[in-house]
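Note sheet for the following structure.
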Amino acid sequence: TYVNVYGYLLVATFSKHEKLRPGFVTDATIVNELLSGCRRGSSASGDDLEPSVPIQLDNIGKGGAMWSGKSVALSKYLLSMVSLTNFAETIREVWRTDDEVKTKEEGETDGRPNLTLSNRIFMKKLSAVCLKDLDAQAIVGSHTLTETQEFSALLKIIVVHNTFVARIDFESIKRGGEVKVEKIGVSAHFQPPKPQGIDLVPKELRIVFKSLKQLQAKCEGLLEVVEQCLDTNRGHKLITAILECLCGLTYISPLTILDPHSVYRIFDKAPEWTHQALSCLFCNSLSDEERIEKTPEQESGELITAESDYLFPLISSSPLVTRKHMLGALANLGPRPRFLSFINGSGVFRVIKPLPNRSYFVEHFGLILECMRLLTNMTCHEETHEDIAKEGVIGFLRDVLRHSAKQILYDLKGPPAPPIQYHFVTVTFEENNVPPLGLRIRWEVPPYVSEVLPDTPAARLETPLMDGDELVEVNGTDVTEMEQSEIEPFFETRPLTLVFRRTPDVAPQAQELALQDPNMTDVPRINKLDTYGDPDQYLECFNLCLITLHNLAVNHRNHSVILAEPKILDTMLEVIASEVLSPSLRRISFSMLTCLAQQRDISGRIFRDMAEYFRSCEKGDPSLQKYIMLCANLFYTSMKPEEVEPDTGMLMFVGRLAALETAASSNEALIEV
């Protein structure tokens, strides 16, 4: 017995070493033994081929019963689970569990040792068995969580977690805040079938969980375990594993969480180390289209009335990933007007403000994209416009529109610029360097040197600092995203080591281009965009910004605040002829410009640019005619007769319009103009 248990222990130990795993995974004898050990120890395996007795985790290994039958069985079970957990999904790749097992007799080999039929079946349902076998009620009901109970539960959760992580990686699923807009380029008559009933349960769990309601009950039980562990300050590893497992589960099937409020209420007691996983779970649980489309009577009343002011630190000063998840959760609530007070209470509109520069846009692109999803969803409802059409939010939309347009239009103008080769400068102030050090710092993101004062320690450095040098590290701590109040205490320590990054001199041609527009403060284009976003995501960001501005422009009360940012109109008129715009988005652009053309002072400029595009393009979209004719109407009918001057552009546009087969439908509008 001792040697047998020691063999299990050796396999579990070696399974942690990546180089040794292939030898164990491909050995059918070892894998059969591990699966059999798990199968015998699982009370939820449902295996009728071999009788199994559920292992009780209480009072095992006590009072000299260390080598009793129950203790040995428990040891084998736990060590088998450790090995299978470390092997993760590698076993599934080597020993495929497809439908061929139904036709194979147990023990049949295909020229090499094979898994037994019972083990192949058990491996196929291992994740579901582990999830069902986890007795959440027993953990919640126990006053003390023993190490054995916690370790056993942890192993089961990790097995389930690994299953969903492997599927997410394989399918390359990307999920953030959902946007309630019509899919561009997809016929409105074709709608993919919505999953119903058992289809809402992930396929890996359907063999045990026969309905969504069963799975929801299990997930609610796991959340109760998290709350219980937080209340008693125990099981930290188990808390992390459960939250991450539920993140993967809701990533694939968001409706497995019955009520998102059950996740939200945990924030009130959750420590900081749980925020990343908890915010991801909250975001995913709100991301299902079915949940977004629910009627007010079906919505969670508790979440609608819940306090949300303590979310502000999570969306303003938490790590980037946590902020992104929380903004995504608010974006998922955006389509439902009844949650407007909840969203406002979070203080999110204090976070949405003008961007400092283009570099910030690229580096924080994930946050900006979630903010755009939130604004797009909320502006679908006119009652939200009063809260959104503020100077700060419009400034944010201006910067996002400009920077995203520049990112997507660049691909049409040539190859990308070479990456920036930063030069890093490290300086150290010793004990004898008493304040003031002589550095004047502009507290932007990141902070940078604005001036070095003469006859100060900073001026006497061996490597002199220059205006514009960006502060990136203080005593080994990355400060590129910190606020002034967080960085200043570091300057009281000695020795004080500062790392600055310096942008090399740009080429004369780039300087000449920059001088053409003195208001532009953009930095050279960053080449490594895959770190922050890909072209499709930049295009999505541009599309969302365009739709948001359109939604606001439909309400004439918002025109003054939109036109107070002239670069919005400049960018819109610049991109209407771009090939990047799909026909649907070009129609949205023309519709937005037509709304703004109600303002007499800009109606002529809008009409001429729209008419020039329609006149010059080889194949014009007939649906754009109505927008151009409306602009012409707004422009000419707002003039006094003595202000009308001959307009070649108008005559050429009319000539082009009259030559089209659909001109008959525009005759009335032409005559009116």
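Tabulated data for the structure shown
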item: Candidate set: the range 119-128, residues that are farther than 14 Å from ASN162 by Cα and open to solvent by less than 10 Å² (accessible area, probe 1.4 Å); chosen: the one nearest to the chain's Cα centre (by Cα); result: PHE122
item: Residue check for VAL186: modelled with pLDDT under 85 and surrounded by fewer than 20 Cβ atoms within 10 Å (Cβ to Cβ); result: yes
item: Test for LEU154: is it closer than 13 Å to MET81 by Cα and either in contact with a strand residue (DSSP E or B) (Cβ under 9 Å, 6 or more places away or on another chain) or in contact (Cβ under 8 Å) with a residue 60 or more places away in the chain (or both); result: yes
item: Failed item, numbered, when LEU230 is tested on (1) modelled with pLDDT under 85; (2) of a type outside the set (Lys, Arg); (3) touching a Lys or Arg at 6+ places or on another chain (Cβ under 6 Å); result: (1)
item: Verdict on ILE239 being in a helix (DSSP H, G or I), among the hydrophobic types (A, V, I, L, M, F, W, C) and either buried (at least 21 other Cβ atoms within 10 Å of the Cβ) or within 25 Å of the chain's Cα centre (by Cα) (or both); result: yes
item: The range 374-396 residues that are under 18 Å from ALA564 (Cβ atoms) and in contact (Cβ under 8 Å) with a residue 12 or more places away in the chain, paired with ones that are open to solvent by 20 Å² or more (accessible area, probe 1.4 Å) and among the basic types (Lys, Arg) (beta carbon under 9 Å, 6 or more apart); result: HIS385/ARG557; ALA389/ARG557; GLY392/ARG350; GLY392/LYS353; VAL393/LYS353; GLY395/LYS353; PHE396/LYS353
item: Residue satisfying all of: in the range 304-329; assigned to a helix (DSSP H, G or I) and in contact with an Asp or Glu (Cβ under 8 Å, 6 or more places away or on another chain); modelled with the lowest pLDDT among these; result: TYR310
item: Per-region count, the range 335-346, residues part of a loop (DSSP other than H, G, I, E, B), at pLDDT below 85 and touching a Ser or Thr at 6+ places or on another chain (Cβ under 9 Å); result: 0
item: Enumeration of residues in the range 1-19 that are open to solvent by 80 Å² or more (accessible area, probe 1.4 Å) and not in a helix (DSSP H, G or I); result: THR1, LYS16, HIS17, GLU18, LYS19
item: SER623, sole failed condition from (1) at pLDDT below 75; (2) over 24 Å from PHE542 (Cα atoms); (3) in a helix (DSSP H, G or I); result: (2)
item: Hits in the range 368-388 (condition: of a type outside the set (D, E, K, R) and either in a loop (DSSP other than H, G, I, E, B) or surrounded by fewer than 19 Cβ atoms within 10 Å (Cβ to Cβ) (or both)); result: THR379, CYS380, HIS381, HIS385
item: Options THR497, THR426; residue that is loosely packed, with under 14 Cβ neighbours inside 10 Å, at pLDDT 90 or above and not in a loop (DSSP other than H, G, I, E, B); result: THR426
item: Unmet criterion (only one of (1) in contact with a Lys or Arg (Cβ under 8 Å, 6 or more places away or on another chain); (2) modelled with pLDDT of 70 or more) for THR637; result: (1)
item: Where a residue in the range 1-19 is within 12 Å of SER80 (Cα to Cα) and its partner, wherever it lies, is of a type in the set (Gly, Ala, Ser), with Cβ under 6 Å and at least six apart; result: VAL5/SER75; VAL11/SER83; ALA12/SER83; SER15/SER83
item: Residue that is open to solvent by 20 Å² or more (accessible area, probe 1.4 Å) and not in a loop (DSSP other than H, G, I, E, B), where the choices are PHE361, PHE349; result: PHE349
item: Any hit, the range 257-268, residues being polar (S, T, N, Q), within 14 Å of VAL225 (Cβ to Cβ) and open to solvent by 10 Å² or more (accessible area, probe 1.4 Å); result: no
item: Condition check for LEU281: surrounded by 19 or more Cβ atoms within 10 Å (Cβ to Cβ), assigned to a helix (DSSP H, G or I) and modelled with pLDDT of 90 or more; result: yes
item: Helices (runs of 4 or more DSSP H) lying entirely in the range 68-159 (those with 2 or more residues that are at pLDDT 80 or above); result: 69-87, 117-124, 126-133
item: Selected residue (criterion: farthest from the chain's Cα centre (by Cα)) from residues of the range 308-334 that are in contact (Cβ under 8 Å) with a residue 60 or more places away in the chain and open to solvent by less than 10 Å² (accessible area, probe 1.4 Å); result: GLY334
item: Exclusive hit being touching a Ser or Thr at 6+ places or on another chain (Cβ under 9 Å) and at pLDDT 85 or above, set LEU200, LEU223; result: LEU223
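One line per residue, one yes/no per condition, for (1) open to solvent by 50 Å² or more (accessible area, probe 1.4 Å); (2) in contact (Cβ under 8 Å) with a residue 24 or more places away in the chain; (3) over 30 Å from SER318 (Cβ atoms):
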{"position": "THR456", "(1), (2), (3)": "no, no, yes"}
{"position": "LEU461", "(1), (2), (3)": "no, yes, yes"}
{"position": "MET466", "(1), (2), (3)": "yes, yes, yes"}
{"position": "ASP469", "(1), (2), (3)": "no, yes, no"}
{"position": "GLU473", "(1), (2), (3)": "yes, yes, no"}
{"position": "THR480", "(1), (2), (3)": "no, yes, no"}
{"position": "PHE491", "(1), (2), (3)": "no, yes, no"}
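The values are calculated or read from the model by the stated rules, or taken from the named source; none is laboratory data. As the structure is a prediction and not an experimental result, all values here were calculated from the model. Glycine gets a Cβ as well: all are built from the backbone with ideal geometry, and neighbour counts include every protein chain shown. Accessible surface is based on the protein model in full, side chains and every heavy atom, while ligands, DNA and RNA are left aside. Shrake-Rupley method; radii C 1.70, N 1.55, O 1.52, S 1.80 Å.
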